[in-house]
Amino acid sequence: MKSVLYLPLLLLTSFVFVQCTAVKSMKQAEANKETIRLWFEEGWNHNRNEELIERVFHSEWNDGNPLHPSQITGYEGIRQLVKFYQEAFPDAHFTITHVFADANRAAIRYEVEATHHGDAFGILATGKKFTSTGLVLYEMRDGRIYRSWQELDLMGIINQLQD
């Protein structure tokens, strides 16, 4: 008889545990989306990258497809990457078109408009404007960006700068 009474309690406990885990996962997914939005909207579009780096990036950040094979990781690595883009494209403005996330990963698709004011991708500064799109996939740890992989239409950008 006692085992019959324990079964509903066991089922209820299991249900509550699963629900709490699902809610926690959903909250982390939303937090991951907000971290990515913050980086693009405030970091890039409002030139607040430097003040946001340690809030947004994990101390062991790594670029999954670095511009240079010897690229530095961690906070210094992201600072160098930001410096590269800010020097080459200081007026870059990103429009987020899609953001997806779960508890451990996030992805963004963006449109960017910028002017080529500094040397980049083997091309000396042209002063030309360009538009492009890109995707970035993120691995998240402790609510911060741990690893990133960016795919952008580099040939499209180069063609616009060379025309």
Worksheet item: Conditions: (1) on the phi < 0 side of the Ramachandran plot; (2) surrounded by fewer than 16 Cβ atoms within 10 Å (Cβ to Cβ); (3) without any contact (Cβ under 8 Å) to a residue 40 or more places away in the chain. Gly122 meets all but one. Number of the miss?
Response: (1)
Worksheet item: Any idea which of (1) surrounded by fewer than 17 Cβ atoms within 10 Å (Cβ to Cβ); (2) hydroxyl-bearing (Ser, Thr, Tyr); (3) touching an Asp or Glu at 6+ places or on another chain (Cβ under 7 Å) is the one Ser148 doesn't satisfy?
Response: (1)
Worksheet item: Would you call Ile158 in a helix (DSSP H, G or I), among the hydrophobic types (A, V, I, L, M, F, W, C) and farther than 13 Å from Ile36 by Cα?
Response: yes
Worksheet, complete the sentence: Note on Asp63: of the conditions (1) within 27 Å of Thr131 (Cα to Cα); (2) at pLDDT 95 or above; (3) in contact with a Gly (Cβ under 8 Å, 6 or more places away or on another chain), unmet is (2)
Practice prompt. Output the number of residues of the stretch 69-113 satisfying the condition of being of a type outside the set (Asp, Glu), part of a loop (DSSP other than H, G, I, E, B) and in contact with a helix residue (DSSP H, G or I) (Cβ under 9 Å, 6 or more places away or on another chain).
Written response: 5
Discussion item. So, in the stretch 121-155, how many residues would count as being in a strand (DSSP E or B) and farther than 23 Å from Glu41 by Cβ?
Written reply: 1
Worksheet entry | Condition check for Glu51: modelled with pLDDT of 95 or more and in contact with a Phe, Trp or Tyr (Cβ under 7 Å, 6 or more places away or on another chain) | no
Worksheet item: Which residue pairs have Cβ atoms under 6 Å apart, sit 6 or more places apart or on different chains, and have a first residue in the stretch 131-157 that is within 20 Å of Glu30 (Cα to Cα) and a second that is surrounded by fewer than 16 Cβ atoms within 10 Å (Cβ to Cβ) and among the acidic types (Asp, Glu)?
Response: Leu135/Glu151
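The values are calculated or read from the model by the stated rules, or taken from the named source; none is laboratory data. A quick note: this is a predicted structure, and the numbers were derived from the prediction, not measured. Methodologically, a virtual Cβ is constructed for each residue, glycine included, from the backbone with ideal geometry; neighbour enumeration extends over all protein chains shown.
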